[in-house]
Amino acid sequence: GAAAPLHLQYLLEPLHPTVHTQRGATATLPCVLRALPRNYRVKWSKVEPANYGESIIIITNGLFHKNYGPLSPRVRLRHSHRYDASLTISNVALEDEGRYRCQLVNGLEDESISLTLHLEGVVFPYQPSNGRYKFNYHEAKRACEQQDSRLATYQQLYKAWTEGLDWCNAGWILDGTVHYPIINSREPCGGRLLLPGVRTYGARDKQKDRFDAFCFTSALQGSAAF
């Protein structure tokens, strides 16, 4: 049978594992202890799926703390009471979206909870003025950044498709794969027989292959029209 879920001895399970926010806002990822072990540390990290690792953000022993990495100037522990190890991120940036882990280390034992920071925003297809399919991956990434955005994640593109994004040209997304979202099946876009969906070309050569880009931005007034 399946392994039983690990019982949390010290950390409270979050009521809402996803925190919704916008660029420029202040967001708090909750992590609250139900009891204080005698000697413990709490470590916050951001899960980085692209390099199969985690980036440490902050470590505290309840009395002192140390910040790490590029998020360092914008993070602090909320500390609204002695059991509170929640992480507050100010001036949320597009790259802050993703999964975070609050880990309690108590001697040889440790336990953790995971939370997702989700930015509300809009996905838009982007191509240069000189026509379609001009970007390799790195150029697409730069092009989105020049539009005050970043390459969309698959989840962002999928959500945009469910909200009506219907676009025939394939574009790069953040993980280096290439997709195009179709609502109205039609001949030039894979044929009428294919069901609506986010069509995929899979992972492509980031240097040689050329497509458009799907960019994501947050805190826009209104919505983008194509």
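Within the range 176-226, if we keep just the residues that are more than 21 Å from TYR137 (Cα to Cα) and buried (at least 17 other Cβ atoms within 10 Å of the Cβ), the residue that is modelled with the lowest pLDDT turns out to be CYS189. Only one of the listed residues (ASN51, ASN61, ASN67, ASN39) is of a type outside the set (Ser, Thr, Tyr), crowded, with 16+ Cβ neighbours inside 10 Å and not assigned by TED's automatic domain parsing to the domain that holds ARG150. That residue is ASN67. Filtered by the rule that a residue be of a type outside the set (Gly, Ala, Ser), under 19 Å from ARG204 (Cα atoms) and part of a helix (DSSP H, G or I), the range 140-157 gives LYS141, ARG142, CYS144, TYR154, GLN155, LEU157. Among the residues of the range 104-149, how many are under 30 Å from GLY62 (Cβ atoms), more than 22 Å from the chain's Cα centre (by Cα) and either buried (at least 17 other Cβ atoms within 10 Å of the Cβ) or among the acidic types (Asp, Glu) (or both)? Number satisfying all stated conditions: 5.
The values are calculated or read from the model by the stated rules, or taken from the named source; none is laboratory data. Since the model is a prediction, treat every value here as computed from it, not as a measurement. With ideal geometry, Cβ positions are generated from the backbone for all residues, glycine too; neighbour counts draw on all protein chains shown.
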